[in-house]
Amino acid sequence: MDEQRSVADFVDEHDLETPPEFRLLDLVSEVGELGKDANTSTDYGESPADLEIATDELGDALFALLALADALESDASAALEEAVEKYERRLDGDATPGSGE
């Protein structure tokens, strides 16, 4: 995934290397900011049609996820493909009960 390589290059160029456990905490924080945007824009769910999520916040979450994938030496593209296949199996009713899918 070109995006993962781009994030890895940025992290390397700016000496932002950190262990995966800290990358995970950063991801959780960034997803929390998406939740904050959702809560604020919808008046805590009272007006769901008013949902607004700032694109830079989505970008921050994507950056954090791709940085985590890189820190784990995991191919984000392959992980995404695996997830899509898993969802397809679920929709087709082929998921094995108890398989964690």
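Laid out as a table, the results:
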item: Those helices (runs of 4 or more DSSP H) lying entirely in segment 18-101 with at least 1 residues over 18 Å from Glu3 (Cα atoms) and touching a residue at least 24 places away in the same chain (Cβ under 8 Å); result: 20-41
item: Tally, over segment 16-60, of residues that are among the basic types (Lys, Arg) and either within 21 Å of Asp70 (Cα to Cα) or surrounded by 15 or more Cβ atoms within 10 Å (Cβ to Cβ) (or both); result: 1
item: Candidates Ala95, Ala64, Ala71 - the one that is surrounded by 11 or more Cβ atoms within 10 Å (Cβ to Cβ) and modelled with pLDDT under 95; result: Ala95
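Residues checked against (1) out of contact with any Leu (no Cβ under 7 Å at 6 or more places or on another chain); (2) charged (D, E, K, R):
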| residue | (1), (2) |
| --- | --- |
| Val11 | yes, no |
| Glu17 | yes, yes |
| Phe22 | yes, no |
| Ala38 | no, no |
| Thr42 | no, no |
| Leu51 | yes, no |
| Asp56 | yes, yes |
| Gly59 | yes, no |
| Lys86 | yes, yes |
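The values are calculated or read from the model by the stated rules, or taken from the named source; none is laboratory data. All of these numbers come straight from a predicted model, not from anything done at the bench. Heads up, the Cβs are rebuilt from the backbone with ideal geometry, glycines too, and the neighbour counts pull from every protein chain shown.
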